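The values are calculated or read from the model by the stated rules, or taken from the named source; none is laboratory data. Predicted model, so just to flag it, every value in this text is computed and none were measured. All Cβ positions, glycine included, derive from the backbone under ideal geometry; neighbour counts span all protein chains shown.
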């Protein structure tokens, strides 16, 4: 019997290995276990990212870009699973905001840097955008 016929609610979510696992449905209505980045892990990673960005604040732009790009690639490598796009996009946006924040703190002149100037800078120093690095079959393993 299905849980719905027995009058039961959805199964509980649980956190394991940095993911919150929850129940969902595929497009054709079949049951699937979905994964999203665990909130505590994401918060902890962003806090550590800000502390490390503070240490790199006065480093050359090329070195900063290399470091931020490596952080993003590593994050996508582990958390890049199907159904986790919103969390990956959120992490990408926060990394960009953090980089802009610490670029603005470098000097009084750079405090005026707005998003348009930052966009021209990131056109030269591209950060990897969020992407799914594991297929559904690989995610089950």
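Condition first: out of contact with any strand residue (DSSP E or B) (no Cβ under 6 Å at 6 or more places or on another chain), in a helix (DSSP H, G or I) and modelled with pLDDT of 95 or more. Can you find one or more residues in region 129-136 that meet it? No: region 129-136 contains no residue that is out of contact with any strand residue (DSSP E or B) (no Cβ under 6 Å at 6 or more places or on another chain), in a helix (DSSP H, G or I) and modelled with pLDDT of 95 or more. Restricted to region 1-33, and to residues there that are within 25 Å of residue 71 (Cβ to Cβ) and in contact with a strand residue (DSSP E or B) (Cβ under 8 Å, 6 or more places away or on another chain), the residue that is surrounded by the most Cβ atoms within 10 Å (Cβ to Cβ) is 19. When residues in region 79-127 are screened for being closer than 26 Å to residue 32 by Cβ and surrounded by 14 or more Cβ atoms within 10 Å (Cβ to Cβ), 12 of them pass.
Cβ-Cβ contacts under 6 Å between residues 6 or more apart (or on different chains), taken from a first residue in region 21-34 that is touching a residue at least 40 places away in the same chain (Cβ under 8 Å) to a second residue that is in a strand (DSSP E or B) and exposed (fewer than 10 other Cβ atoms within 10 Å of the Cβ), are absent. Listed conditions (1) under 26 Å from the mean Cα position of the chain (by Cα); (2) over 15 Å from residue 78 (Cβ atoms) are all met by residue 38, apart from (2). Note on region 37-69: residues that are out of contact with any helix residue (DSSP H, G or I) (no Cβ under 8 Å at 6 or more places or on another chain), in contact (Cβ under 8 Å) with a residue 40 or more places away in the chain and not in a helix (DSSP H, G or I) total 1.
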